[in-house]
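Accompanying notes for the structure given below.
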Amino acid sequence: MNVGGISNVLSKNMARKILRDADKACRIIAEEFPGVSSSRIQTFERVNTNQIFANYCNNKLLQNRAIRDDAWKLYNNDDTLDFYRRFVENMKKYKNINCADYTKLTQLMLKSNNIEAVNANIITQRLRGLDHSVLLVNTPKNGLGIYYKNSDLKNIIVIDPWLGFADFANNAVVRYNSEFAKFLGLENKYEKLFFDTYANPEISSKTVEFIQKAFPKLIQKKGFMANF
């Protein structure tokens with residue numbers, strides 16, 4: 001099976017190359033769209049101890065909601081160009097970018113490089129949502145679903161631009177439970193995590209053309225995230 005240039009059966013060299021490219025995508029998006037994340041600020045202890053800091057965080061959350069809503073006002077099911085154009089312009093202008101925004105930006109980058117990616121929220125086995133979005137590449141049949149089985153996780157690539165890393169899903173689960181547990185509100189013990197996929201508005205050919213012209217730094221050489 002081949003999805004956007006990536007096959008489900010990868011050699012170690014291929015896997016390392018693809019993960020390097022996926023990690024590079026995180027860095028490119030961060031450089032092209034620098035911003036403050038209100039959801040990350042929420043994890044700071046000072047939010048609970050300093051009212052001025054708490055007010056700043058709340059204002060950032062409200063602003064993020066407002067600039068998202070501004071883009072959705074232009075949503076048209078027949079052609080999503082206006083929606084995505086306003087979305088990236090707002091992210092660039094206001095620099096207020098949370099995890100769902102970063103995954104949408106990265107998905108635009110990958111699509112413009114002919115790589116398909118699926119959005120997913122992370123939930124625990126007790127169905128507790130962690131309020132965190134990531135991208136999945138090389139999902140079975142490239143379809144929507146809930147992924148948690150080892151047979152799937154060892155082949156799926158997680159791209160997490162908000163936390164700034166890419167890894168195979170089985171490794172990502174371990175990392176979420178250890179080095180990134182604080183940011184996700186996980187307890188100090190291992191929790192089984194599920195990747196619950198969802199669909200963003202379709203990225204049209206017009207949108208791809210816009211991204212390629214407006215953000216040339218996002219476009220990579222042939223072979224990006226692909227096995228040869």
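The values are calculated or read from the model by the stated rules, or taken from the named source; none is laboratory data. Owing to the predicted nature of the structure, the values given are computational and were not obtained by experimental measurement. Ideal geometry is used to build each Cβ from the backbone, glycine not excepted, and the neighbour counts take in all protein chains shown.
Selection of first residues in region 127-146 that are charged (D, E, K, R) and of second residues that are at pLDDT 85 or above and not in a loop (DSSP other than H, G, I, E, B), restricted to Cβ pairs under 9 Å at least 6 apart or on distinct chains, gives the following pairs, ordered by first then second residue: Asp131/Cys99; Asp131/Asn121; Asp131/Ile122; Asp131/Leu184. Would you call Asn113 among the polar types (S, T, N, Q), surrounded by fewer than 20 Cβ atoms within 10 Å (Cβ to Cβ) and under 17 Å from the mean Cα position of the chain (by Cα)? Spelling it out, it is not the case that Asn113 is among the polar types (S, T, N, Q), surrounded by fewer than 20 Cβ atoms within 10 Å (Cβ to Cβ) and under 17 Å from the mean Cα position of the chain (by Cα). In region 124-148, the residue that is farthest from Asp101 (Cα to Cα) out of those that are hydrophobic (A, V, I, L, M, F, W, C), part of a strand (DSSP E or B) and at pLDDT below 95 is Ile146. Counting the residues of region 23-78 that are modelled with pLDDT of 85 or more, assigned to a loop (DSSP other than H, G, I, E, B) and more than 25 Å from Leu108 (Cβ to Cβ) gives 0.
Taking the numbered list (1) in contact with a Leu (Cβ under 7 Å, 6 or more places away or on another chain); (2) part of a helix (DSSP H, G or I); (3) more than 24 Å from Lys60 (Cα to Cα); (4) polar (S, T, N, Q) in turn, Ser151 passes all entries but (1).
Scanning region 181-223 for residues that are of a type in the set (S, T, N, Q) and in a helix (DSSP H, G or I), which turns out surrounded by the fewest Cβ atoms within 10 Å (Cβ to Cβ)? Checked region 181-223; the qualifying residue surrounded by the fewest Cβ atoms within 10 Å (Cβ to Cβ) is Ser205. Scanning region 45-77 for residues that are without any contact (Cβ under 8 Å) to a residue 12 or more places away in the chain and surrounded by 16 or more Cβ atoms within 10 Å (Cβ to Cβ) yields Val47, Ala54. Checked against (1) assigned to a loop (DSSP other than H, G, I, E, B); (2) at negative phi; (3) of a type in the set (S, T, N, Q), Thr103 passes all but condition (1). For beta carbons closer than 7 Å, sequence separation of 6+ or different chains, a first residue in region 187-200 that is more than 11 Å from Tyr176 (Cα to Cα) and modelled with pLDDT under 85 and a second that is part of a loop (DSSP other than H, G, I, E, B) and not β-branched (Val, Ile, Thr), there are no qualifying pairs.
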